[in-house]
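Okay, structure first, notes after.
The values are calculated or read from the model by the stated rules, or taken from the named source; none is laboratory data. On a predicted model such as this, the values are computed, not experimentally measured, just so you know. Neighbour counts are summed over all protein chains in view; Cβ atoms, including those assigned to glycine, are modelled from backbone coordinates with ideal geometry. Heavy atoms of the whole protein, side chains included, go into the accessibility calculation; ligands, DNA and RNA do not. Shrake-Rupley method; radii C 1.70, N 1.55, O 1.52, S 1.80 Å.
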Amino acid sequence: RRVNMSARAMSGSGSSKPMGKPAGVGIYFQESGSDIVVNHLIRGGSAERSGKVQAGDVIVSIDDKDVRAKGVSEMRNFIVGPEGSTVNLGFNRNGQEFIVALLRGSPEYISSVMGPSAAATKSPMVIHQASPRMGMSKSPGRQMQRSIPPPPPPPPP
């Protein structure tokens, strides 16, 4: 089962009003065994613009709450919040845990706040890297083989 955590799916129109309507961070999650895994990112969404979140990352915490035993629908309730607010998502990639602060909002909202070509210094960023937890390992399950497709090539001259 896949769940869309993008603002567009949560809010409908994609208009940009500060702080208010429910919004996500531009991530599609999928259950893989007992893990909740990033399936893919919404182009222009907060997660994609951060440059830190990748398909295959396992979500392990939301705002410092361990969510390893939670289902996708329960996690949605923690991730979605008022457009313009920030959520801290913890991920595990190849045994390394890290936390990323992401701005909630549609790609249009994110672009209006950060500009259409925001520099990496303006993008949401990793706020700290956590050390691997002893005794906590990724459950066996199928690995994600899907990644974000590359942008289309420029038109010929």
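The residue that is nearest to residue 110 (Cα to Cα), counting only those in region 35-53 that are under 11 Å from the mean Cα position of the chain (by Cα) and in a strand (DSSP E or B), is 41. Restricting the first member to region 43-59 and to residues that are closer than 20 Å to residue 31 by Cα, and the second to residues that are among the aromatic types (Phe, Trp, Tyr), the beta-carbon pairs closer than 7 Å and six or more apart or on different chains are 53/91; 57/91; 58/91; 59/29; 59/91. Give me a count of the residues in region 54-79 that are outside any strand (DSSP E or B), at pLDDT below 95 and open to solvent by 10 Å² or more (accessible area, probe 1.4 Å). Within region 54-79, residues that are outside any strand (DSSP E or B), at pLDDT below 95 and open to solvent by 10 Å² or more (accessible area, probe 1.4 Å) number 10. Counting only residues that are of a type in the set (Gly, Ala, Ser) and touching a Ser or Thr at 6+ places or on another chain (Cβ under 7 Å), region 44-90 holds 6 of them. On the stretch given as region 88-118, residues that are within 13 Å of the chain's Cα centre (by Cα) and not in a loop (DSSP other than H, G, I, E, B) total 12. Out of everything in region 87-96 that is open to solvent by 10 Å² or more (accessible area, probe 1.4 Å) and either of a type outside the set (S, T, N, Q) or in contact (Cβ under 8 Å) with a residue 24 or more places away in the chain (or both), what residue ends up being nearest to residue 45 (Cα to Cα)? Going through the qualifying residues, I end up with 88. Contact map, region 108-122: first residue closer than 11 Å to residue 50 by Cβ, second residue surrounded by fewer than 14 Cβ atoms within 10 Å (Cβ to Cβ) and at pLDDT 90 or above, Cβ cut-off under 7 Å, separation 6 or more or different chains; pairs are 120/51.
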